[in-house]
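**Student:** Starting off with a structure, shown below.
Each reported figure results from applying straightforward, stated rules to the coordinates on display, with no laboratory input. Just so you know, these numbers come straight off a predicted model, no measurement behind them. Here the Cβ positions follow ideal geometry from the backbone for every residue, glycine too, while neighbour counts run over all protein chains shown.
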Amino acid sequence: MAGTAPHSQAGNAAPTRRDFIVITASAFGAVGAAAALWPFVHQMNPSADVLALSSTELDLSHIAVGQSVTVLWRGKPVFVRHRTPAEIEQARKDDTAALPDPAKDETRVKKPEWLVMMGVCTHLGCVPLGQKGDFGGWFCPCHGSHYDTSGRIRKGPAPLNLPVPEYTFLSDTRIRIG
Amino acid sequence: MANNNAPTSGFFANPVVKWIEYRLPVFSTLDHMVGTQYPTPKNLNYWWNFGSLAGLCLVVQILTGIVLVMHYTPHTSMAFDSVEHIMRDVNYGWLLRYIHANGASMFFIVVYIHIFRGLYFGSYKSPRELLWFLGVIILLLMMATAFMGYVLPWGQMSFWGATVITNLFSAIPVVGEHVVTWLWGGFAVDNPTLNRFFSLHYLLPFVIVGVVILHVLALHQFGSNNPLGIDVKGPQDTIPFHPYYTIKDAVGVGVFLLLFSFFIFYAPNYLGHPDNYIPANPLVTPAHIVPEWYFLPFYAILRSVPDKLGGVLLMFGAIAILFLLPWLDTSKVRSARFRPIYKQLSWVFLIACIGLGYSGGMPAEGLPLVIGRICTVYYFLHFLVVMPLVGWFEKPTKLPASISEPVLKTQAAE
């Protein structure tokens with residue numbers, strides 16, 4: 001291409017030096033425009049203060065067996081349920097049932113009596129109602145998804161189990177979510 | 001060029017008009033757009049009123065919207081209260097808000113009729129494909145604008161509607177979750193979401209104005225279609241837009257404003273949902289989420305598919321398919337008047353759309369779900385199978401030789 005400079009007699013067969021300049025200049029212009037666009041796109045992602053508010057602590061000692069508490073974490077509800085022995089047993093029994101999103105109950109809890117998971121339906125983000133539905137777990141009234149006592153999807157349009165957020169036991173009665 | 005053949009008497013003879021016209025040909029341009037110099041088929045019926053009515057709705061929405069913004073606060077802690085402030089304290093605030101809220105519904109009624117008119121009389125066919133495209137783009141922009149506007153009062157339906165609709169994008173494989181976080185500006189619908197929706201809700205109507213200008217420009221290239229669906233053969237087939245259709249449009253505006261006023265003054269909340277008078281609560285989802293009535297058919301399509309991605313694709317596909325319409329319809333004849341089979345099937349299509357609307361408003365179970373599924377199947381069959389096949393097999397009735405011919409024949413018979 002470098003040798004084409006002398007042949008500038010405007011033939012449309014051989015690319016000229018000018019063609020090269022036009023193409024490289026346009027390419028640089030396009031890259032520059034794309035780079036300038038990025039701040040306008042990225043400004044819509046979560047800002048630093050939103051990212052900073054990403055953990056919540058909760059005292060479990062007040063939650064009796066069979067009770068649930070809903071806490072807000074990152075603007076979304078998290079269900080913390082003190083499960084009854086019957087619910088734990090049912091959840092383990094259902095490990096072998098036909099599950100759309102297979103997961104064993106033991107992989108979804110750190111301590112079997114405490115079920116901690118997002119209270120956000122994996123279909124379109126509604127908050128499911130507790131201890132309702134065909135499987136004794138949660139039921140989403142928006143589009144009819146049923147979850148079991150381990151928060152696994154069993155029936156309805158939702159594709160996935162209620163997700164388990166990152167959390168740690170700070171002591172026997174205290175957890176930090178996030 | 002434009003003012004060469006403009007009338008030299010009356011308005012255009014006025015010295016002030018002449019002075020301006022010589023420097024800026026604004027009056028003659030208008031005269032060519034919607035005046036005496038725009039020849040229009042002489043046989044347009046009242047179905048052709050809905051274009052100008054849609055324009056009126058857009059103007060009403062922009063005017064009321066601009067003044068509502070003078071009193072509204074786009075923040076999660078104050079949005080709901082500022083809307084109540086508009087309703088209770090601002091002078092005529094209740095009126096302006098009820099006009100704006102019901103105006104959205106009126107806009108959709110008018111536009112849906114306008115679209116059905118186009119479907120029935122074949123207004124999307126060559127050479128008006130791009131005119132039709134621009135119309136579909138306007139519909140998409142209207143939907144986005146209406147959805148974001150409904151979020152602004154920050155009631156329960158606002159919040160959960162925003163949650164459900166933005167979550168539709170989580171169905172996109174791989175990047176879905178990132179897209180949703182990006183739309184929200186956080187990990188849930190929250191203040192950043194409200195702020196950007198407000199920004200876009202203010203912007204998009206002006207984008208719609210821009211596309212409407214292109215829509216009208218495309219319209220003027222070949223002029224309006226007409227109930228016979230045949231081309232204008234000459235000046236004997238047309239009458240000037242002004243005064244003939246300006247006056248006809250004005251009659252339509254009168255009737256339309258009666259209906260509009262009925263809703264504003266006697267049933268201002270009939271088309272809304274009472275749950276939106278409860279402030280947004282991220283911890284409690286209302287028992288029965290429904291979108292505004294004009295989204296119900298699409299909502300029904302979404303829910304009729306028991307698969308998340310499938311439902312979302314089909315819902316967006318229901319609009320996207322409109323872009324293919326000019327090529328899916330294989331009939332050479334535009335107007336359904338001369339298409340005995342298509343004529344009836346286009347009413348079946350309308351019934352399917354109404355069935356979808358009914359199904360979308362009911363809980364997704366039992367009979368309404370079955371009706372929703374049947375209507376969804378017909379909706380797509382109509383475009384993908386009925387339109388191409390009927391175009392081939394149907395024998396159209398005889399077209400009149402010109403727009404004037406049937407009229408002149410009747411006169412001769414009398």
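**Student:** What number, in percent, do you get for the relative contact order of chain A if the mean sequence gap of Cα pairs under 8 Å and at least 6 apart is divided by its residue count?
**Tutor:** Relative contact order of chain A: 17 percent.
**Student:** Per residue of B:183-192, how many C-beta atoms from partner chains lie within 10 Å of its own C-beta, taken as a mean?
**Tutor:** Shielding by partners across B:183-192 averages 6.
**Student:** Okay, moving on. For chain B, compute the number of Lys pairs whose alpha carbons are separated by less than 13 Å, excluding pairs fewer than 8 positions apart on the same chain.
**Tutor:** Summing the qualifying lysine pairs gives 6.
**Student:** Sorting A:142, B:375, B:353 on the 10 Å Cβ count, fewest up front, what's the list?
**Tutor:** B:353, B:375, A:142
**Student:** Tell me, what is the percent relative contact order of chain B, built from C-alpha pairs under 8 Å that lie six or more residues apart?
**Tutor:** 21
**Student:** Report the residues of the range A:90-128 in range of a label on residue A:84: point 7 Å along Cα→C-beta, backbone N strictly under 19 Å from it.
**Tutor:** Those under the cut-off are A:90-94, A:112-116.
**Student:** Could you state the number of Å between the C-alpha centres of the range A:34-90 and the range B:203-231?
**Tutor:** Here the two parts' Cα centres lie 49 Å apart.
**Student:** So which cysteines of the protein assembly as shown have no other cysteine's Cβ under 4.7 Å from theirs?
**Tutor:** B:57, B:353, B:375
**Student:** Another question about this same structure. Going out from 0 in 10 Å bins, what whole percent of all Cα-Cα distances in the protein assembly as shown drops into each bin?
**Tutor:** Result, from short to long distances: 3, 13, 20, 21, 18, 13, 7, 4, 1, 0 percent.
**Student:** Taking the simple approach of a point 7 Å from Cα along Cα-to-Cβ for both residue B:137 and residue A:70, what is their distance in nm?
**Tutor:** Roughly 4.3 nm, to one decimal.
**Student:** Ranked by Cβ crowding within 10 angstrom, fewest neighbours first, how are A:83, B:23, A:174 ordered?
**Tutor:** By the 10 Å Cβ count, ascending, the order reads B:23, A:174, A:83.
**Student:** Report the calculated FRET efficiency for residue A:97 and residue A:132 (r = Cβ-Cβ distance, R0 = 22 Å), to the nearest 0.05.
**Tutor:** 0.70
**Student:** Could you work out the relative contact order of the range B:146-193, using alpha carbon pairs under 8 angstrom and six or more residues apart, expressed as a whole percent?
**Tutor:** Once normalised by length, the contact order is 24 percent.
**Student:** Compute the length gained on full extension between residue B:220 and residue B:177: take 0.36 nm times their separation in residues and subtract their Cα-Cα distance, giving the result in nm to one decimal.
**Tutor:** 11.0 nm
**Student:** Next up: Among B:405, A:57, which comes first, second and so on when ranked by fewest other beta-carbon atoms within 10 Å?
**Tutor:** Ascending Cβ contact count within 10 Å gives the list A:57, B:405.
**Student:** With the cut-off at 1.5 for a/c, could you classify the range B:188-332 from its C-alpha gyration tensor as rounded, prolate or oblate?
**Tutor:** Prolate shape, in that a/c is at least 1.5 and a/b is the bigger ratio.
**Student:** Excluding residues on the same chain fewer than 8 positions from residue A:111, give the lysines whose Cα lies under 27 Å from its Cα.
**Tutor:** Here the lysines satisfying the reach criterion relative to residue A:111 are A:76, A:93, A:132, A:155.
**Student:** Something else now. Straight-line reach from residue A:110: which aspartates and glutamates have Cα under 14 Å away, leaving out those fewer than 8 places along the same chain?
**Tutor:** The qualifying aspartates and glutamates are A:166, A:172.
**Student:** Please list, by residue number, everything in the range A:70-89 whose backbone N is under 19 Å from a paramagnetic label point 7 Å out along Cα→Cβ of residue A:114.
**Tutor:** A:70-74, A:77-89
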